[in-house]
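Report on one structure; see the data block that follows.
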Amino acid sequence: MAEGNAVLLQTTNVTRRFAGLVAVADLNLTVCEGEILGLIGPNGAGKSTTFNLISGFLKPSSGRLEIFGKDCTRKSPTEISRMGLVRTFQHGSYMRSMTVRDNILLGTIHWLSGASSAQRQQRVAESADILGLTSHLDRVAGSLPHGIQRLVSIALALATRPRLLCLDEPLTGLNETEVASTLNALRTIRERFGCTILLVEHNMKAVMALCDRIVVLHHGQQLATGSPSQIRLNEKVIAAYLGSRHGK
Ligand SMILES: Nc1ncnc2c1ncn2[C@@H]1O[C@H](COP(=O)(O)OP(=O)(O)OP(=O)(O)O)[C@@H](O)[C@H]1O
Ligand SMILES: [Mg+2]
């Protein structure tokens, strides 16, 4: 699906060091329009650091970052999100003390500064509906079960109508039924809004079922890239990661 489509994100030899540690090493990551790309790898492989780099929260020690064809190596998180690359954080990206509705409304503030209140509420209703959050709209986000709280982060990001939606472990804490409905929601988001999705996730069953392509990171380096069936059978990937996650 990715072949021939426009390149939305390109990192060229991006490296990020923390003192003596190389968290991301010479990363050449390409995300193409319309795909759902999985970024996987063991704990500490550099996945969240990659998200921080592409969303402007961290600057590369070296290398170049291009988003939607523009050099974004030195751009701020706000500039990058306004361009349409919106990300969630591994440990949640919403206000615990606010209702689900007000959280998603925050997302709409990014979108259309001149939008009417009715337009914003419609955007909230649509985002909540896709993620199955409608019955929780008036609940305080922090009071909800952990799995549902994770969906609030996605709804908030979705409310901005991103062109490239980057999700850091969106399925953590969800039960099997919630995982299945979230996967359907992500497919709907792509179909309905033409949204490209970059996903970090440890739930391999879900990654294999959802993603068009997978990039495997190990010690900050790109270990392999391919379709789910290629990655599943890749001996280097099995040795470094998948072998230890059998059945998960
Ligand atoms: N701000 C930081 N300062 C120092 N070291 C950091 C910082 N952020 C990340 N690291 C280190 O960089 C490496 C990569 O971390 P990162 O959080 O990107 O891994 P990850 O692949 O997201 O892991 P996980 O699956 O556990 O979330 C780790 O060794 C981590 O300790
Ligand atoms: Mg992480």
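Details
- The range 1-22: number of residues that are within 9 Å of ligand 1 (Cβ to nearest atom) and either free of Cβ contacts under 8 Å to residues at least 40 places away in the same chain or open to solvent by less than 10 Å² (accessible area, probe 1.4 Å) (or both): 3
- For the range 152-173, residues that are within 19 Å of Cys211 (Cβ to Cβ) and either within 16 Å of ligand 1 (Cβ to nearest atom) or crowded, with 21+ Cβ neighbours inside 10 Å (or both) total 13.
- Qualifying positions in the range 174-215 - of a type in the set (Val, Ile, Thr) and away from ligand 1 (no atom under 16 Å from the Cβ): Thr177, Val179, Thr182, Thr188, Ile189, Thr196, Ile197
- Complete set of residues in the range 137-178 that are in a loop (DSSP other than H, G, I, E, B), more than 17 Å from the chain's Cα centre (by Cα) and among the hydrophobic types (A, V, I, L, M, F, W, C): Leu137, Leu144
- Residues located in the range 23-64, provided they are open to solvent by 20 Å² or more (accessible area, probe 1.4 Å), closer than 20 Å to Val86 by Cβ and either within 16 Å of ligand 2 (Cβ to nearest atom) or under 17 Å from the mean Cα position of the chain (by Cα) (or both): Thr30, Glu33, Ser48, Thr49, Asn52, Phe57, Leu58
- Residue within the range 2-14 that is within 18 Å of Pro77 (Cα to Cα), among the charged types (D, E, K, R) and assigned to a loop (DSSP other than H, G, I, E, B) present: no
The values are calculated or read from the model by the stated rules, or taken from the named source; none is laboratory data. This is a predicted model, so every value here is computed, not measured. Neighbour counts are summed over all protein chains in view; Cβ atoms, including those assigned to glycine, are modelled from backbone coordinates with ideal geometry. Heavy atoms of the whole protein, side chains included, go into the accessibility calculation; ligands, DNA and RNA do not. Shrake-Rupley method; radii C 1.70, N 1.55, O 1.52, S 1.80 Å.
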